[in-house]
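Quick notes on the structure that follows.
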Amino acid sequence: MDAKFIVIEGLDGSGTTTQIRLLAERLRAMGRSVAETAEPTNGSIGGLVRDALSGFTPRTGAEIAALFMADRVAHNANPVNGIEKLLSEGRDVICDRYYYSSMAYQGTVTDPEWVFRINADCPEIRKPDLCVFLDLDDEECIRRMERGRSYREIYENENALLAIRKRYYDVFRRLEVRDNIVVVDAGRAPEAVAEDVFAAVRRILE
Ligand code: TMP
């Protein structure tokens, strides 16, 4: 079986975690072996990223972009549970966020061209077989986050999310011919969203 590398993207609050769970269940029910992973990772560079996102260690936008990129290279290469290793074992990899997040989020706080290039041109960062973007209005994202959490990370406010959403669209237009990107309306019941996500995935399994 040809293992696939699938990325799920979206603004904070758009439901990536839920959709990854539902997609993984569905692929497993088809007899596929599936690994779920996420960025920032649980590795040591991912830890530095989380400290920056929480505001615990203040860092510039460029520092954060570079840390995310380093975390991503490590995520690809990790000999125990890295993306390359998992795919080589025949396991599908579903990743919660990837370089599209860097291009969109860090692209609003440092030079977007530089962020785009370091990620798109890095030979150690694998291109996914599919990226599904869970599209949700920035105001609805904030409403959902307010229900679910008592704290906020540095990008979790309305002005930031509006700019990030626009940036995602710029990035997708730019990557249109290079990457396989499918936009799904995430403002519906999770089961309805999951149907569309699965339809996109089925197309790459054929
Ligand atoms: P999450 O664990 O809730 O998905 O949060 C990760 C946060 O990190 C989220 O606000 C998006 C942000 N992020 C970036 O800014 N750049 C990146 O490259 C990645 C992977 C995530």
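Side notes on the structure shown:
- Percent carbon-and-sulfur accessible area, region 38-94, ignoring ligands, DNA and RNA, probe 1.4 Å: 61
- Per residue, the chain exposes 48 Å² of accessible surface when a 1.4 Å probe is rolled over the protein heavy atoms with every protein chain present.
- Span-like helix ranges in the chain, DSSP H, alpha carbon extent 18 angstrom or more, Kyte mean at least -1.0: 16-29, 61-77, 158-175, 190-205
- Per-residue ellipticity at 222 nm, computed for the chain from helices alone with -39500 (n - 2.57) per DSSP H run of at least four residues, works out to -16500 deg cm²/dmol.
- The alpha-carbon of K4 sits under 23 angstrom from the alpha-carbons of these lysines, leaving out residues fewer than 8 places away in its chain: K85, K127.
- Taking the chain as a Gaussian network of alpha-carbon nodes connected by springs under 10 Å, the highest mean-square fluctuation of the residues D121, D185, D96 belongs to D121.
- Entry note, the chain: relative contact order of 31 percent, from Cα contacts under 8 Å with a spacing of 6+ residues.
- Under a model in which nothing but the beta-carbon of Lys, Arg (+1) and Asp, Glu (-1) is charged, the chain shows a dipole of about 280 debye around its Cα centre.
The values are calculated or read from the model by the stated rules, or taken from the named source; none is laboratory data. Everything numeric here is computed off the predicted structure, so don't read it as measured data. Note that each Cβ is placed from the backbone with ideal geometry, even for glycine, and that neighbours are counted across all protein chains shown. The area values use the complete protein model at the heavy-atom level, side chains included, leaving out ligands, DNA and RNA. Shrake-Rupley method; radii C 1.70, N 1.55, O 1.52, S 1.80 Å.
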